[in-house]
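Encoded as structure tokens, the structure appears first; notes follow it.
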Amino acid sequence: MKILEELQEAVAFLRERIGEPPQVAAVLGSGLGDAFLSKVNVESRLPYRKIPHFPASSVVGHAGELGWGESQGIRYCALLGRVHLYEGLPLQRIVFAVRTMALWGVHNFIITNAAGAINRDFSPGDLMLITDHINLQGDNPLAGDNEKELGPRFPDMSCAYDKGLRRMAAESARELGLQFRQGVYVALRGPSYETPAEIRMCEAIGADAVGMSTVPEVIALNHMKRRVMGISCLTNMAAGILDQPLIHDEVLQVTQKAQDDFSQLIVRIIGKLGADWILRRDAKTQR
Ligand code: HPA
């Protein structure tokens, strides 16, 4: 079956089960889902395995559930958990869930992740608004035949993280008094953490934070001309910056500590989205 037909089946299922598409979708990375859902009205939750063709994640901390409901008059859905390239699936599968949301009719996306801080001014526990990215995954979700129904062969990526949404995120963080950074996210394939030499390379090419996700989803959503905001929870200093090893459990622990700030921020952003004209417009905010 072609990917487009699979997407259409998943969308038909969601239309039947949930109805109209929400106004915003949030992808919540490692350990961020529960704190968010505790702050919003949750209508229901559904494991990914019940949704046609949705891939389920095998990683600890990535539950694999779709939650939806309403917050401040805005209907949202939350993708709790995602699949990663390092799990061995093709990128078309990695982006399947966000593509389904977009095809269903969602126009605004908040993509979150856990990342290592490369920029030495940043600290574990800080939140970083992604201003741009560098794809070092050695792959692209648009490789192969282009699905014209989804988007163009050569999509523009010159403003991949929507300016209007970025402004809204920065404003929300300021109002909440959160330590809020901005910077460039570089995605590597993983699953091994980087070597100090790799981190020095990432620093030299202009990256502020490093992770193993987000970039495929952001490419697929730009292909579909959706508005994207990206936020990283900086869980650790990247390899070699401090004289200590990186341990996944510690990454999860810092996420746990930061998740309250993080989810508060996302709820605030959703409120702003509702209040803003931006929801009534389908076009991307131009630089
Ligand atoms: N590197 C890659 N991915 C990560 C890191 C890191 O240091 N921390 C959290 N996710």
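The values are calculated or read from the model by the stated rules, or taken from the named source; none is laboratory data. Because the structure is predicted, anything quoted here is derived from the model rather than measured. FYI the Cβ positions are ideal-geometry reconstructions off the backbone, even for glycines, and counts take in every protein chain you see.
General observations
- Residue satisfying all of: in segment 141-172; in contact (Cβ under 8 Å) with a residue 12 or more places away in the chain and charged (D, E, K, R); surrounded by the most Cβ atoms within 10 Å (Cβ to Cβ) among these: 162
- Of all residues in segment 225-234, none satisfies being more than 30 Å from residue 267 (Cβ to Cβ), more than 16 Å from the ligand (Cβ to nearest atom) and either within 20 Å of the chain's Cα centre (by Cα) or assigned to a helix (DSSP H, G or I) (or both).
- Qualifying position, being under 24 Å from residue 274 (Cα atoms), touching a His at 6+ places or on another chain (Cβ under 8 Å) and modelled with pLDDT under 90, among 29, 81, 73, 33: 29
- Residue count for segment 173-207 under the criterion of being more than 12 Å from the ligand (Cβ to nearest atom) and charged (D, E, K, R): the result is 5.
- The condition of being among the small types (Gly, Ala, Ser), in contact with a Leu (Cβ under 7 Å, 6 or more places away or on another chain) and farther than 22 Å from residue 36 by Cα holds for only one of 187, 197, 173, 238, that being 187.
- Test: residue in segment 130-139 that is among the acidic types (Asp, Glu), surrounded by fewer than 22 Cβ atoms within 10 Å (Cβ to Cβ), touching a Phe, Trp or Tyr at 6+ places or on another chain (Cβ under 9 Å) and modelled with pLDDT of 95 or more: yes
- Total residues in segment 212-224, condition within 16 Å of the ligand (Cβ to nearest atom) and either free of Cβ contacts under 8 Å to residues at least 60 places away in the same chain or in a loop (DSSP other than H, G, I, E, B) (or both): 3
- When the test is whether a residue is in contact with a His (Cβ under 6 Å, 6 or more places away or on another chain), within 11 Å of the ligand (Cβ to nearest atom), closer than 22 Å to residue 127 by Cα and among the aliphatic types (A, V, I, L, M), residue 237 does not pass it.
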